[in-house]
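To keep things clear, I will list the structure first and then write my remarks on it.
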Amino acid sequence: MKLKSRFLAACLVLAATVTSSSAAVVIDNLSLGTQSFSQTLSGPTATGFFFNNPMPDREVAFTFTTGGLNVYLTELSFGVAIGKAILDPIRLTLSKGSTVPGGTNPQILGEVTPPSSTPTNQILTLIPSLQVLLEANTQYWMHVTVPNGAAVYSFVNTNNQSLAPGWTLGNTWSQSPISPWSELTSGPQARIRMSVEAVPEPHAVLLGGVGCLLLLRRRRAR
């Protein structure tokens, strides 16, 4: 019985070894550099700082292109500045497409709320609430909104990009109810850090299963 248990444990270890993926940072623009042209994010009931003027539903989007392998998106960190002492969730939505802000197969990745209104500048991290496959050599859009409430944030841009081979980080775009989408053509790009995990190769999973079968046959032959 003990030998059987050890054999099963060995198979599980082997399967985990061949199917496990290594995490990697593929886009890193999080380090502070030259900052300019931060875009405003705001909720549907947001107001400005002077005369309580309305400034609702300001949105941001940015584009990126994947490298040569299919990967899973595991984590996304981004820089924001707190505009008012009101804290509402920031939502990130992923989509494909050649025009802002994408729109093909939109996928809500989740929401994250600053823990406090201080300090003003903060790094927030979102771990997707579902498994997100990023296809190889594909352009994606990340759409950033404040879906509810009166919070006002600034989405920060900077210029210290570090990219994995084949990956690109495109320009940031913004819009409001009174102005159409416009591109920040002069840069810098979104202050983000994106981490991914490799999709296990099908042949690696198959090899793990074959290895367990060979071990089983060897034990039966004894």
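Coordinate-derived values only; no laboratory data. Predicted, not measured: the structure shown is a model, and the values here were computed from it. Counting neighbours? That spans all protein chains shown, and the Cβs are built from the backbone with ideal geometry, glycine included.
Using a Förster distance of 35 angstrom, determine the FRET efficiency expected from the C-beta separation of ASN160 and THR45, and round it to 0.05.
0.50
Residue separation of SER98 and GLN131 scaled by 0.36 nm, minus their Cα-Cα distance, works out to 9.5 nm of gained length. Label sites at GLU197 and ILE108, each approximated as a point 7 angstrom past Cα along Cα to Cβ, lie 2.3 nm apart. Label points 7 Å out from Cα along the Cβ direction at THR34 and GLN139: separation in nm? Those two pseudo-labels are separated by 2.5 nm.
Working out 0.36 nm times the residue gap between TRP181 and ALA85, then minus their Cα-Cα distance, what length gain in nm do you get to one decimal?
Value of the extension gain: 31.8 nm.
With θ taken as phi - 60° and the Karplus curve 6.51 cos²θ - 1.76 cosθ + 1.60 applied, the whole-hertz 3J(HN,Hα) list for segment 178-194 is 10, 9, x, 4, 9, 9, 7, 6, 8, x, x, 9, 4, 7, 9, 9, 10 Hz, x standing for glycine and proline.
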